[in-house]
Amino acid sequence: MMVTQVNLFNRYRPQNLNEIVGQEAISRILSNALLKQRVAGAYLLRGSRGSGKTSVARILCKAVNCEQLKGSTTCGECNGCKFALHDAVEIDAASNRGIDAVRDLIETLPFRPQHVDKKFIIIDEAHQLTSAALNALLKVVEEPPKHVHFVFCTTENPSTDTDTDKAFVTLSSRCQILQFKKVAPKAMLDKLARICLAENTIVSRDILISIISKSDGSLRDAENILDSILTLSGSEPPERIIQFLYGEVEQLSLELFRNCCIGTSTDSLLSARKLWDSGANPIEVAEFLVKFVTDCLYLKHELTVYRPSDTVEQLKEISNNIEESILTTIAEHFTTLSRSNRDDLLSLELAICDIFTYRTEKTVLVASDIEVW
């Protein structure tokens, strides 16, 4: 019989606030709140995906109910630790966003939890609640029953453009807001290395760095990618595993970037055509190129770049042979493309032509300055 294993993300999910990766300020705020018994009635955890919002909500639920809490560290043995999440209510607002679901929730709030003292209401993707549902929550969030705590998790920053956004801004004002940030590459690398050690598996630094680059600051994404990579580790060489992560797109995008920086317009247009023929999306290519610009600027100022070693060597060569003003121009044009809705080859080719127009004009200006001198 096949045994279903728990994925890495859930297997190594943090169990205490000091285990949360990359959110030190938030861990400290909540640890002090627990120490001083000043846990708020409602929190809004806001930030990028995979940054630990739901994990923090669950940890806070257990910590508030732990009978032998030491600072902010739960004992893991008492009824509070074992059953707090049984009494918690977790709602996915993406699929339960209407007024009826919220009314049903509100009707249950007067009833005390079965196993513990405090009941936590954890609402994921809270920005997807309808304006009617958000308005229905306002009063109970402002004055919750003494045994109830609300934790709203969202990846969005509300605006005041629509009725739903206005309602969400109003709800936010009744919460203590904690802003989560993308997990830093160094912190992510340390966590992935610890997982590999615990799994008794050797994964090269280049592969781990490739995973970090692919995950874009989301630790959950990084751990899920690592889960897939571990099935290949040992049976495939590192180069093939990195290619598995990106296909040809990253390497072809690096070739295009090199040509845009220190090559010719003809070579750049040929690289763009090669990317298009490989099935790459121009918007995805533009995002790669913007990141390469950032890497080159970092390397110019002798900062660490989290890329595979051979990629870093290529970027070092490029950064040593290009001016920052040209890098800035490349970033501007490809940022515009990445934010557009255009995914055709022509949009990529036009961006390349604009870059070489700037390079030509700059060369003419430099030449004229030399003549005057």
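The values are calculated or read from the model by the stated rules, or taken from the named source; none is laboratory data. Small disclaimer: the values here were computed from a predicted structure and weren't measured. All Cβ positions, glycine included, derive from the backbone under ideal geometry; neighbour counts span all protein chains shown. The protein model used for the area step is the full one, side chains on, heavy atoms only, and it has no ligands, DNA or RNA in it. Shrake-Rupley method; radii C 1.70, N 1.55, O 1.52, S 1.80 Å.
A few notes on this one:
- For the range 280-328, the Kirkwood estimate of hydrodynamic radius, built from reciprocal distances between every pair of different alpha carbons, is 11.2 Å.
- Residue 303/residue 231 FRET efficiency (R0 41 Å; Cβ-Cβ; nearest 0.05): 0.75
- In Hz, Karplus ³J(HN,Hα) per residue of the range 256-273 (6.51, -1.76, 1.60; θ = phi - 60°; x = Gly, Pro): 4, 4, 4, 5, 5, 7, 10, x, 10, 5, 4, 4, 5, 5, 5, 5, 5, 5
- Heavy-atom accessible area ranking, 1.4 Å probe, most first, across 58, 97: 97, 58
- For the chain, the solvent-accessible area with a 1.4 angstrom probe is 52 square angstrom per residue.
- Rounded to the nearest whole Hz, the Karplus-based 3J(HN,Hα) values (6.51 cos²θ - 1.76 cosθ + 1.60, θ = phi - 60°) of the range 298-314 follow the sequence 4, 5, 4, 9, 6, 9, 6, 10, 8, 9, x, 4, 5, 5, 4, 4, 5, with x at glycine and proline.
- Between amide H atoms placed 1.01 Å from N, distances below 5 Å from residue 343 occur with no residue 5 or more places distant or on a separate chain.
- Zone residues, the range 154-197, relative to residue 142, backbone N less than 13 Å from point 7 Å out along Cα-to-Cβ: 170-175
- Scanning residues 5 or more positions from residue 148 or on other chains, those with amide H under 5 Å from its amide H are 119, with H placed 1.01 Å from N in the peptide plane.
- For the range 64-173, the relative contact order comes to 25 percent (Cα pairs under 8 Å, sequence separation of at least 6).
- Look at the dipole of the chain built from charges on Cβ: of 305, 176, 290, the Cα furthest out on the positive end belongs to 176.
- Each other residue within a Cβ distance under 12 Å of residue 128 adds +1 if Lys or Arg and -1 if Asp or Glu, for a net charge of -4.
- Gaussian network model of the chain, springs between alpha carbon atoms under 10 Å - residue of 272, 184, 198 with greatest fluctuation: 198
- With a simple spin-label model that places each label point 7 Å from the Cα along the Cα-to-Cβ direction, the separation between residue 39 and residue 214 comes to 3.8 nm.
- For residue 139, the solvent-accessible surface computed with a 1.4 Å probe is close to 130 Å², ligands and nucleic acids excluded.
- Evaluated with a Cβ-only charge set (Lys, Arg +1; Asp, Glu -1), the chain carries a dipole of roughly 1900 debye about its Cα centre, given to the nearest 20.
- Gain upon complete extension [residue 108, residue 18; 0.36 nm per residue less C-alpha separation]: 29.1 nm
- Pair residue 317, residue 25: separation of 7 Å Cα→Cβ label points (nm): 4.1 nm
- For the range 111-171, with all protein chains in place and a probe radius of 1.4 Å, 44% of the accessible heavy-atom surface sits on carbon or sulfur.
- With all protein chains modelled, accessible area of residue 352 [1.4 Å, Å²]: 0 Å²
- Residue-count net charge about residue 64 - beta-carbon cut-off 12 Å; Lys, Arg +1, Asp, Glu -1: +2
- Other residues within the sphere of radius under 13 Å centred on the Cβ of residue 180, judged by their own Cβ, net out at +4 (K and R +1, D and E -1).
- Max mean-square fluctuation residue, GNM over the chain, Cα-Cα springs under 10 Å, options 100, 227, 206: 100
- Tensor-based shape of the range 241-371 (alpha-carbon gyration tensor, a/c under 1.5 rounded, otherwise prolate or oblate): oblate
- Option label - P(r) over Cα pairs in 10 Å bins from 0, in percent computed here, alternatives (i) 5, 25, 34, 25, 9, 2, 0; (ii) 5, 19, 23, 22, 17, 10, 3, 1, 0; (iii) 5, 20, 24, 19, 13, 10, 6, 2, 0, 0: (ii)
- Cα gyration tensor shape of the range 1-132, rounded if a/c is under 1.5, else prolate or oblate by comparing a/b with b/c: rounded
- Estimated inter-spin distance, residue 281 and residue 245, nm [label 7 Å along Cα→Cβ]: 2.0 nm
- Our note on the geometry: Cα centres of the range 54-88 and the range 296-347, 46 Å apart.
- Rg(Cα) / (2.2 N^0.38 Å) computed for the range 65-138, rounded to two decimals: 1.30
- The chain, relative contact order in percent, only Cα pairs under 8 angstrom and at least six apart counted: 15 percent
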